[in-house]
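Trainee: Take this structure first; my questions come after.
The values are calculated or read from the model by the stated rules, or taken from the named source; none is laboratory data. If you're wondering where the values come from, they're calculated on a predicted model, not measured in any experiment. Every residue, glycine among them, receives a Cβ derived from its backbone with ideal geometry; neighbour counts consider all protein chains shown. SASA here: full protein model, heavy atoms, side chains in, ligands and nucleic acids out. Shrake-Rupley method; radii C 1.70, N 1.55, O 1.52, S 1.80 Å.
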Amino acid sequence: GTRAQCRAHCLGKQTDTHQRHRLKTYIMKTIIDTATDAGKFTTLLNALKAAALTETLRGAGPYTVFAPTDEAFKHLAPGALNALLKDTKKLKAILTYHVVSGTVAANDVKAGDIKTLEGTPLLAARDGDKVTVNGAKVVQADIAASNGVIHAIDAVIMPKGWMLAAAA
């Protein structure tokens with residue numbers, strides 16, 4: 001009887017996870033989980049964790065995140081990221097500079113200043129359907145999440161006048 005019990009148990013498990021999986025498809029994931037699934041925002045996610053912003057971006061929002069890809073972080077001066085990860089105050093300011101309140105689809109991005117969570121506006125520009133923020137190109141737009149939207153960008157952007165020094 002144990003084999004039959006085992007089979008019933010295993011099959012029961014399968015349909016259970018299958019149903020749960022189907023539900024998940026309808027319930028969209030938060031910005032954090034969506035970014036995790038995308039697989040190209042690892043550096044950003046680690047930085048958000050270091051700056052204690054993960055919970056914020058799991059919150060109700062909604063938020064629009066101009067998210068630098070892992071590739072974008074590689075363009076920073078050598079050592080700059082590590083220096084930032086140690087200076088959480090500056091890190092938090094730079095990261096919140098990539099976040100805008102509300103859900104702004106790429107098509108709705110208007111040229112001009114957009115107020116960020118950090119407080120300093122970033123400068124958006126349009127060229128046809130191409131969008132840039134502070135000169136960083138949106139390389140993948142409108143990655144939908146339950147509490148907002150992610151636009152992948154090809155550079156880490158800074159508030160005006162900010163410089164990221166390389167580590168000494």
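Trainee: Which distance in nm do the two modelled labels at TRP162 and SER146 give, with both placed 7 Å along the Cα-to-Cβ direction?
Mentor: With each label point 7 Å from Cα toward Cβ, the separation is 2.9 nm.
Trainee: In nm, to one decimal, how far is the modelled label at MET28 from the one at LEU85, with both set 7 Å along Cα→Cβ?
Mentor: 3.1
Trainee: Going by a ≥ b ≥ c, the root eigenvalues of the Cα gyration tensor, does the range 59-113 fall in the rounded group (a/c under 1.5), the prolate group (a/b larger than b/c) or the oblate group? Provide the component values of the computation, followed by the final result.
Mentor: Details: a/c = 2.58, a/b = 1.73, b/c = 1.49.
The shape class here is prolate.
Trainee: OK, next. Given R₀ = 35 Å, FRET efficiency for THR103-ALA77 by Cβ-Cβ distance, to 0.05? Could you put the intermediate results ahead of the total?
Mentor: Working: r = 33 Å, r/R0 = 0.94.
Taking R0 as 35 Å, the efficiency between THR103 and ALA77 is 0.60.
Trainee: Now for a separate question. Let me know the charge dipole size of the range 83-168 about its Cα centre in debye, to the nearest 20, where only the beta-carbon of Lys, Arg (+1) and Asp, Glu (-1) is charged. Write out the running numbers ahead of the final one.
Mentor: On the way: 10 positive and 8 negative charges, 67 e Å.
Computed about the Cα centre, the dipole is about 320 debye.
Trainee: In whole percent, and with a 1.4 Å probe on the protein chains, what portion of the accessible area of the range 36-168 is carbon and sulfur? Show your work: numbers first, answer last.
Mentor: On the way: 3740 of 6780 Å².
Exposed carbon and sulfur together represent 55 percent of the surface.
Trainee: Under a point-charge model restricted to the Cβ atoms of Lys and Arg (+1) and Asp and Glu (-1), what is the dipole moment magnitude of the range 42-97 relative to its Cα centre, in debye to the nearest 20?
Mentor: 180
Trainee: To continue, here is another question. I'd like to check one number: the per residue accessible area of the range 45-139, probe 1.4 Å, reported in Å² as a whole number. Spell out each step's value before the answer.
Mentor: Numbers: 4920 Å² over 95 residues.
Ligands and nucleic acids excluded, the figure is 52 Å² per residue.
Trainee: Based on the mean of other beta carbon atoms within 10 Å per residue, what is the order of 60-71, 42-53, most packed first? List each step's numbers first, then the result.
Mentor: Numbers: 60-71: 20.8, 42-53: 18.2.
Highest mean packing first, the order is 60-71, 42-53.
Trainee: How much FRET efficiency would the formula 1/(1 + (r/R0)^6) give for GLU55 and LYS110, where r is the Cβ-Cβ distance and R0 is 30 Å, rounded to 0.05? Mind dumping the intermediate values first?
Mentor: Working: r = 30 Å, r/R0 = 0.99.
The value I calculate is 0.50.
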